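I have placed the structure first, in the form of structure tokens, so that the comments after it can refer back to it.
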Amino acid sequence: MSSPMRERVLEAATELFYAQGLRAVSVDKVIDLAGTTKVTFYRHFKSKDDLVLAYLERRAALERDGIGAAIKQGDGDVDATLRVISEAVGVIACAPGFRGCPFINAAAEYPDPDSRVRKAVDAHRQWNKTTFEQLIAPLGIGNSGEVADDLMLIRDGAMVAGYLDRPATVAASFLRGSRAVIGAGHLTPR
């Protein structure tokens, strides 16, 4: 169970990391925003990287919960699930204050593939890819791994398009792209 102070520090870090970037935000800035001390901070997080990892874990949990809810709402219908996901992506990517995918942003700031942060990013992206593969499995697509890669690319593109377009435009484009990758003939399970 997480303590209220740990949550307060993590909330402050989440706000600052997403708005300003992981490397740009110092531990002191997080401590100031959380209204705590260095001693208390280090009681909950051994290092800034530990805090970054906790932030990414929190963001990953939110995304997994959202995709899980979309899958549940789609109730086995791949197209319905993709529609729900596309609508959510459109809303999220075009929301005020949106600064892109926190995982893509983290990968840009931590280019070393052996860093703990990069490994956390890779694990989350692998979860997404596996989830796309499981989603399309009932369609019997032979190259499901490649299709999941393509769906990830469309998702990443939608995250960038959020800066440039309206929610309905991003959602519609995500859905069209996803349907095209899957192939119109595959939308009905075999």
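The values are calculated or read from the model by the stated rules, or taken from the named source; none is laboratory data. What you are looking at is a predicted structure, and each value in this text was computed from that prediction instead of being measured. As a convention, Cβ positions derive from the backbone with ideal geometry for all residues, glycine included, and neighbour counts pool all protein chains shown. Side chains included, ligands, DNA and RNA excluded: accessible areas come from the protein's heavy atoms. Shrake-Rupley method; radii C 1.70, N 1.55, O 1.52, S 1.80 Å.
Setting aside same-chain residues fewer than 8 positions from Lys46, which lysines have a Cα under 19 Å from its Cα?
Output for Lys46: Lys29, Lys38, Lys119.
How many Å² of accessible area per residue for the chain, probe 1.4 Å?
52 Å²
Got the relative contact order for segment 27-168 handy, in percent, Cα pairs under 8 Å and 6 or more residues apart?
With pairs under 8 Å counted, the relative contact order is 29 percent.
Rounded, prolate or oblate: which fits segment 19-105 when a ≥ b ≥ c are the square roots of the eigenvalues of the alpha-carbon gyration tensor, with rounded for a/c under 1.5 and prolate only if a/b beats b/c?
Prolate.
Any idea what angle helix 167-182 forms with the longest principal axis of the chain, computed on alpha-carbon atoms, 0 to 90 degrees, nearest 10?
Helix 167-182 sits roughly 60 degrees off the main axis of the chain.
Mind jotting down the distance between the C-alpha centroids of segment 56-78 and segment 120-178, whole Å?
Measuring centre to centre over Cα atoms gives 13 Å.
From the square roots a ≥ b ≥ c of the eigenvalues of the alpha-carbon gyration tensor of segment 1-50, which class results: rounded (a/c under 1.5), prolate (a/b over b/c), or oblate?
Prolate.
On the protein heavy atoms, probe 1.4 angstrom, tell me the percent of accessible surface of the chain carried by carbon and sulfur.
56 percent
Charges at C-beta only: +1 for Lys and Arg, -1 for Asp and Glu. How large is the resulting dipole of segment 97-190 about its Cα centre, in Debye rounded to 20?
Dipole size: approximately 300 debye.
Which angle from 0 to 90°, rounded to the nearest 10, does the C-alpha axis of helix 4-20 make with the longest principal axis of the chain?
70 degrees
Residue separation times 0.36 nm, minus the C-alpha to C-alpha distance between Lys38 and Asp77: what's the value?
Result: 9.0 nm gained on full extension.
When only Cα pairs under 8 Å and 6 or more residues apart are kept, what is the percent relative contact order across segment 124-185?
Here the relative contact order equals 31 percent.
Angle, helix 116-136 long axis vs. longest principal axis of the chain, Cα atoms, 0 to 90°, nearest 10?
Roughly 20 degrees, rounded to the nearest 10.
Name the shape class, rounded, prolate or oblate, that the alpha-carbon gyration tensor gives for segment 87-190, where a ≥ b ≥ c are the square roots of its eigenvalues, rounded holds for a/c under 1.5, and otherwise prolate holds if a/b is larger than b/c and oblate otherwise.
oblate
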